[in-house]
1. Between LEU284, LEU301, LEU246, LEU252, which is in contact with an Asp or Glu (Cβ under 8 Å, 6 or more places away or on another chain) and farther than 27 Å from ALA82 by Cβ?
2. Filtering segment 49-69 down to residues that are surrounded by fewer than 17 Cβ atoms within 10 Å (Cβ to Cβ) and not aliphatic (A, V, I, L, M), which residue is nearest to VAL102 (Cα to Cα)?
3. Considering only segment 236-246, I want to know if a residue exists there that is crowded, with 20+ Cβ neighbours inside 10 Å and not in a helix (DSSP H, G or I).
4. For residues that are closer than 16 Å to ALA277 by Cβ and among the polar types (S, T, N, Q), tally how many sit in segment 94-146.
5. Taking segment 249-266, which residues are farther than 18 Å from ALA147 by Cβ and charged (D, E, K, R)?
6. Restricting segment 75-87 to residues that are under 22 Å from the mean Cα position of the chain (by Cα) and buried (at least 18 other Cβ atoms within 10 Å of the Cβ), which is farthest from ALA228 (Cα to Cα)?
7. Taking segment 102-136 only, how many residues are among the aromatic types (Phe, Trp, Tyr), in a helix (DSSP H, G or I) and surrounded by fewer than 24 Cβ atoms within 10 Å (Cβ to Cβ)?
Amino acid sequence: MKYGIFAGLFWALDTVILGIALALSPFTDVAAFDVGALVSASILVALIGAAFHDIFCALWMLVYMAAKRRLKDTAAALKTKAGKVIMLAALLGGPLGMGGYVIAIHNIGPGTTAIISSFYPALGAALATIFLKERMRPVQWVALFAAMAGIIFMGVYTADSQATGNVFLGLAGAIACVVGWGSEAVFLAYGMRDAKVDNECALQIRETTSALIYLIVVIPLIGALPSALNVAFTSASAVIGLAAALGVRSYLFYYRGIAKIGAAKAMAANISYSAWAVIFSLVLLGKVPSVVEIICCVVILCGTTVAATDRKPEKPRAK
């Protein structure tokens, strides 16, 4: 359970700092992104931000695994069937999930995005129950839905009255996020059942695959290479690098949680990021939460803790 909670904590930090980066130039300069791309500026900003995030994550994991002298373990894991499954998970969680998440934030705002994206653990838990035969006790399902209700209520309370962009595009992005993140964890859990693919090797495969897909397929396909180059050597890029370092820390906890307690419970714990984000927004941005937000945070943290905690076996009584 603790791995999922820490994953949520570091993901919240990642989210807040990534938001700061996307509010910096050149992301706020429409002209910098009006250089022959085949998509709208809002999609372009979101995809380039997501691409840089995963590229930095891949670089941080390369440094991390090299320092631990484990690059050969990742190479060996890639040759297995489980390694190929992790690569598929990378496509679901990276370009589909993360790309959809950022597109949704840019078009329908973080509040509405939080409402919709909070359903990914429910989808993932259902898939894990069907395909991986994982089990959650009734009280854990109740706690999970209580946490989701807290996220939804907080999203409704904080959502802007008017959308910031294309509503249909934002909704499509949020749904893609739910499908991508919900199914990603199931594939990861399946892949990490192989002893040759531990959580660290799985994460390096995931981040490297996602980064390469962005670099080789997504960015060239949408004509975003000139815009990406405008971002590459800026302070905004450096801030994304910082966010990605925190993201890697989050992913390491998250992947270990999936390996230890299963996909369903790890996802349940991970959505605690919605509550942690409110706390870090206060600390880093000076945004004081309302009473409603504080109550929602308590519900979310309590719900995710119960949903991800297994009941300890009773100790035998002394005769």
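1. Details: LEU284 fails: in contact with an Asp or Glu (Cβ under 8 Å, 6 or more places away or on another chain); LEU301 fails: in contact with an Asp or Glu (Cβ under 8 Å, 6 or more places away or on another chain); LEU252 fails: farther than 27 Å from ALA82 by Cβ.
Among LEU284, LEU301, LEU246, LEU252, only LEU246 is in contact with an Asp or Glu (Cβ under 8 Å, 6 or more places away or on another chain) and farther than 27 Å from ALA82 by Cβ.
2. LYS68
3. No.
4. Looking only at that region, the number is 4.
5. ARG249, ARG256, LYS260
6. As a first pass, look at segment 75-87 and keep what is under 22 Å from the mean Cα position of the chain (by Cα): 82-87.
The next check asks that each one be buried (at least 18 other Cβ atoms within 10 Å of the Cβ); those that pass are 82-83, 85-87.
On the way: ALA82: 33, GLY83: 30, VAL85: 29, ILE86: 27, MET87: 24 Å.
Among those residues, the one meeting the criterion is ALA82.
7. We begin by selecting, within segment 102-136, every residue among the aromatic types (Phe, Trp, Tyr); these are 119-120, 131.
The next check asks that each one be in a helix (DSSP H, G or I); those that pass are 120, 131.
If we keep only those that are surrounded by fewer than 24 Cβ atoms within 10 Å (Cβ to Cβ) too, we end up with 131.
The qualifying residues number 1.
Here is a yes/no grid of residues against (1) buried (at least 22 other Cβ atoms within 10 Å of the Cβ); (2) touching a strand residue (DSSP E or B) at 6+ places or on another chain (Cβ under 6 Å); (3) modelled with pLDDT under 90; (4) under 29 Å from VAL306 (Cα atoms):
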position	(1), (2), (3), (4)
GLN140	no, no, yes, yes
LEU144	yes, no, yes, yes
ASP160	no, no, yes, no
MET192	yes, no, no, yes
ASN199	no, no, no, yes
ARG206	yes, no, no, yes
SER227	yes, no, yes, no
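The values are calculated or read from the model by the stated rules, or taken from the named source; none is laboratory data. Remember, it's a predicted structure, so these values are computed and weren't measured experimentally. With ideal geometry, Cβ positions are generated from the backbone for all residues, glycine too; neighbour counts draw on all protein chains shown. We work out accessible area using only protein heavy atoms, side chains counted, and drop any ligands, DNA or RNA first. Shrake-Rupley method; radii C 1.70, N 1.55, O 1.52, S 1.80 Å.
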